[in-house]
Amino acid sequence: MRTVRGRTDRVVVVGAGLGGLACAIRLAGSGRQVTVLERAGRPGGRAGLLADRGFRFDTGPTVLTMPRLIADTFAAVGEKLDDWLELTRLDPAYRAHFPDGSTLDVRAEVADTAEEIRRVCGAREADGYLRFVDYTRFLHDLEWDAFIDRNLDTPLDLLGGPLARLVAAGGFRRLSGKVNSFFDDPRTRRIFSFQALYAGVPPHKALALYAVISYLDTVAGVYFPRGGMHAMPAAMAAVATKHGVDIRYGHAVTEVEMAGGRAVAVRTADERIAADVVVLNPDLPVARRDLLKRPLRRPLRHSPSCVLLHIGASKGFSRIAHHNIHVGRAWRRTFDELTGGRLMSDPSLLVSNPSRSDPSLAPAGQHAYYVLAPVPNLKAPIDWKQHGERYADEILRVLEARGYRGLTDATVVRHVVTPDDWSAAGMAAGTPFALAHTFSQTGPMRPANLAYDNVVFVGSGTQPGVGVPMVLVSGRLAAERITGPISY
């Protein structure tokens, strides 16, 4: 494994997102002097907070899996997760709503999900689900140590027994085909393959190895922190500060100063901070272009984006769960539209209702809703200044038709986030989902997390990739590029 050359005593981390904070905590545990510079007024990056008239909205991820990764990060400085975060395992993890009016709950326990599938879809489908669980658990156990939770320098690092077993298990076939080998019902096929969109690739084009995301989402458990997802970076920042990390908010870095192929300092509008190592948490293509002044020359494919609606309303809905997937009648066509630069003609939507689990996120008797509609990224010729609010209105009309009757009239607070807003927040191509996990942007083919002698990247744009668990892993991988392997 390649590591930073030269001294590593003073580390400057640019950005207090989940990856930057995870890296900073681990570096503090190894005895480094760590300074974190964050342009916003609070930690979190994409996992931010929007507060308005008593409502508290998470601005980024809403699904938390693998909380042990947070626990492992805290353990690097001798802290316990339970002392900093109160987590609830959601049951159901998701409720899927289908066009025929049926619903299917993905439960916290495998046996309960199997019984739910048996009730809705029949015994054969439930048996297929149990085989799917075994398969995805096998993929997780095979992929985690060999391909995800390790620094990879070249594709040659993948050679060996685990790769052969992954090939034999069909990991390089198409995800939809593999999922379909376990399920016959279109409803189960969809609820156990939609996660491919998190990786920026439609199920019929994604590699089957990404069924590991379905394992994390639908088998390993979905959790929610009291106070919302933003409570996680807030706790991480508090842990980092307790253990000597100097976090400076309102400090926007304008440039990484290079000399002789090394980073020697970072600059803000009015300050120069010397560094032995610089860790960059902003979106990797943007960090290379704007801070290093050395953009990537290779062609990149970005994931589709999304429009978010943050809605505070005076009305609740008894038929929904905390997380809800509303599936349209179209499926493959929907993904083809997204990747072809068109809006979904029959949208599938994620609706989270976090105040159902934590009433403190909304005023008494009211509810907070987070509505995510996948849309093309900014490579598509869509004028979001013209279409953003109108598209939000269209999403609300769709939701009203799918059971959220009266939501529009009950809305007290509404905020719309479009790809233009993601771009303004520093995300390449206006997408919060970073680079798509195509074959050429997976594993060691993804942009490396070590550049030059002493510049390290962290976050979803580098290895291992997109999603809260992967970003937390990227924090450890980045730290170990500086310290070498660490045992806690």
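The values are calculated or read from the model by the stated rules, or taken from the named source; none is laboratory data. Not measured: the values here are computed from a predicted model. Note: ideal-geometry Cβ built from the backbone for every residue, glycine included; neighbour counts use all protein chains shown. Just the protein is used for accessible areas: all its heavy atoms, side chains included, with ligands, DNA and RNA removed. Shrake-Rupley method; radii C 1.70, N 1.55, O 1.52, S 1.80 Å.
If each DSSP helix of 4+ residues adds -39,500 (n - 2.57) and the sum is divided by the residues in the chain, what number results at 222 nm, nearest 500 deg cm²/dmol?
One gets -9000 deg cm²/dmol as the mean residue ellipticity at 222 nm.
Indicate the gyration tensor shape class of the range 222-363 (rounded, prolate or oblate), computed on the Cα atoms with a ≥ b ≥ c the square roots of the eigenvalues: a/c under 1.5 is rounded; otherwise a/b larger than b/c is prolate and the rest oblate. Mind dumping the intermediate values first?
Details: a/c = 3.37, a/b = 1.47, b/c = 2.30.
Verdict is oblate for the range 222-363.
Taking a point 7 angstrom from the Cα of THR254 along the C-beta vector, which residues in the range 1-45 have backbone N less than 18 Å away? 14-15, 37-40, by backbone N distance to the label point. Would you mind estimating how fast the range 143-283 diffuses translationally, via Stokes-Einstein at 37 °C and 0.692 mPa s with the Kirkwood radius over Cα pairs, in µm²/s? Calculated translational D: 169 µm²/s.
Shown here are the Rg and Dmax of the Cα trace of the range 1-117, at 19.6, 63 Å.
Summary of the geometry: the range 229-249 and the range 128-198, compared by the centres of their Cα atoms, lie 34 Å apart.
Counting lysine pairs in the chain that sit 8 or more residues apart in sequence, or on different chains, and whose Cα atoms lie under 28 Å apart gives 4.
I need the helices of the chain that pass two filters: whole DSSP H segments spanning 20 Å or more by Cα along the axis, and mean Kyte-Doolittle score no lower than 0.0. Can you show the working numbers first?
On the way: long enough: 123-143 (30 Å, -0.62); 384-401 (26 Å, -0.91); 468-483 (23 Å, 0.89).
Helix filter hits for the chain: 468-483.
Here is the list for the range 198-296: GluC sites (Glu not before Pro) lying in DSSP coil, each with at most 14 other C-beta atoms within 10 angstrom of its C-beta, are GLU271. Full extension of the chain between ARG53 and HIS387 gives 117.6 nm of extra length, using 0.36 nm per residue less the Cα-Cα distance. Subtracting the Cα-Cα distance of ARG267 and ALA330 from their residue separation scaled by 0.36 nm leaves 17.7 nm. Extents of the range 382-445, largest first, come to 49, 25, 20 Å (Cα atoms, principal axes, whole angstrom). Loop-only check: which trypsin sites (Lys or Arg not before Pro) in the range 361-433 are DSSP coil with at most 13 other Cβ within 10 angstrom? Sites meeting the loop and neighbour criteria: ARG405. Distances between placed amide hydrogens fall under 5 Å for PHE457 paired with LEU280, LEU450, ALA451, all partners being 5 or more residues away or on another chain. Couplings 3J(HN,Hα) for the range 42-59, derived from phi with the Karplus relation 6.51 cos²θ - 1.76 cosθ + 1.60 (θ = phi - 60°), are 8, x, x, x, 5, 7, x, 9, 10, 10, 7, 6, x, 9, 10, 10, 6, 8 Hz, where x marks Gly and Pro.
How would the range 252-293 be classified by its alpha-carbon gyration tensor: rounded, prolate or oblate, with rounded meaning a/c under 1.5 and the a/b versus b/c comparison settling the rest? Taking the square roots of the gyration eigenvalues as a ≥ b ≥ c, the range 252-293 is oblate. With a ≥ b ≥ c the root eigenvalues of the C-alpha gyration tensor of the range 71-202, is it rounded (a/c under 1.5), prolate (a/b larger than b/c) or oblate? In terms of gyration-tensor shape, oblate.
The stretch between LYS293 and ALA274, if pulled fully straight at 0.36 nm per residue, gains 5.0 nm over its current Cα-Cα span.
Among the GluC sites (Glu not before Pro) in the range 105-203, those placed in a DSSP loop whose Cβ has at most 14 other Cβ atoms within 10 Å are GLU109.
For THR438, the accessible surface of its heavy atoms amounts to roughly 20 Å² (probe 1.4 Å, protein chains only, rounded to the nearest 10). Dividing the mean sequence gap of close Cα pairs (under 8 Å, 6+ apart) by how many residues the chain holds gives a relative contact order of 24 percent. For the range 63-127, dividing the convex hull volume of the Cα atoms by the residue count gives 101 Å³ per residue.
Out of all DSSP beta bridges with both ends in the chain, state the antiparallel percent to the nearest 5. The partial results should precede the final answer.
On the way: 47 of 67 bridges.
The answer is about 70 percent antiparallel.
Between the C-alpha center of the range 412-445 and that of the range 19-92 there is a gap of 20 Å.
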